[in-house]
Amino acid sequence: LRPGRLDVKIKIERPDAEAAKDIFSKYVTADLPLHTEDLAEHGGDREATVGAMIQATVERMYSEIDENRFLEVTYANGDKEVMYFRDFNSGAMIQNIVDRAKKTAIKDFLDHKQKGLRISHLLGACVDEFKENEDLPNTTNPDDWARISGKKGERIVFIRTLVTGKRGSDTGRSIDTIASTGQYL
């Protein structure tokens, strides 16, 4: 380490629904251009409209619906666990959802002259972000996967993708358990 540098690792947990609302509130604010129809649904109240947008998006992200099922993990002791996209959410993913929604709002304005961010833009961006992150965990290295998911404990022996989307359904694969004998440069 160079003088004056601090080498401390800080573990930041994945955001739960309340933390996700807080993160969304940093990116979706009342000063953004909001669609007139969404504003009208909330009596023209910009704060209420933004609150409803955030609430609907977080509910979509954190609900235990079939579309949100991501992986089925089998542990060495035989237990199985279904992992949802919410188990992989992060502040960066939330920012990506908002950025996608804003791009969609701009495209709607250019194509249809409809100005402003809508709840539907955020919900669509959420689905698109989940689809893009289908390949998130590297299913060949259980240590890396456990680090990504934040789950600890029993050794993972099999992962089956539950997502049906751009690539269809994956039958799953066993975790490679080959010992590493070389060095990485």
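General observations
- Filtering the stretch 103-127 to residues that are without any contact (Cβ under 8 Å) to a residue 60 or more places away in the chain and out of contact with any Lys or Arg (no Cβ under 6 Å at 6 or more places or on another chain) leaves Lys103, Thr104, Ile106, Lys107, Asp108, Leu110, Asp111, His112, Lys113, Ser120, His121, Gly124.
- Filter result for the condition that a residue is in contact (Cβ under 8 Å) with a residue 12 or more places away in the chain and farther than 30 Å from Leu162 by Cβ, over Thr49, Thr57, Thr74: Thr49
- For the stretch 28-52, a tally of residues being over 22 Å from Cys126 (Cα atoms) and in contact with a Leu (Cβ under 7 Å, 6 or more places away or on another chain) returns 0.
- For the stretch 39-72, residues that are touching a strand residue (DSSP E or B) at 6+ places or on another chain (Cβ under 7 Å) and either crowded, with 17+ Cβ neighbours inside 10 Å or closer than 19 Å to Lys115 by Cβ (or both) total 5.
- Look at (1) farther than 30 Å from Glu154 by Cα; (2) among the hydroxyl-bearing types (Ser, Thr, Tyr); (3) in contact with a Phe, Trp or Tyr (Cβ under 6 Å, 6 or more places away or on another chain) and you find that Ser25 fails only one, number (3).
- The residue of the stretch 128-148 that is modelled with the highest pLDDT, among those that are surrounded by fewer than 16 Cβ atoms within 10 Å (Cβ to Cβ) and closer than 15 Å to Met61 by Cβ, is Asp128.
- Checking each residue of the stretch 89-98 against the condition of being in contact with a Cys (Cβ under 6 Å, 6 or more places away or on another chain), surrounded by 14 or more Cβ atoms within 10 Å (Cβ to Cβ) and at negative phi gives at least one match.
- Residue list for the stretch 20-38, restricted to those being crowded, with 16+ Cβ neighbours inside 10 Å and without any contact (Cβ under 8 Å) to a residue 60 or more places away in the chain: Lys21
- Pair list, Cβ < 7 Å and 6+ apart or interchain, from the stretch 1-15 residues that are over 21 Å from Ser90 (Cα atoms) to residues that are charged (D, E, K, R) and modelled with pLDDT under 80: Leu1/Asp7
The values are calculated or read from the model by the stated rules, or taken from the named source; none is laboratory data. Predicted, not measured: the structure shown is a model, and the values here were computed from it. No Cβ is skipped: glycine too gets one built from the backbone with ideal geometry, and neighbour counts run over all protein chains shown.
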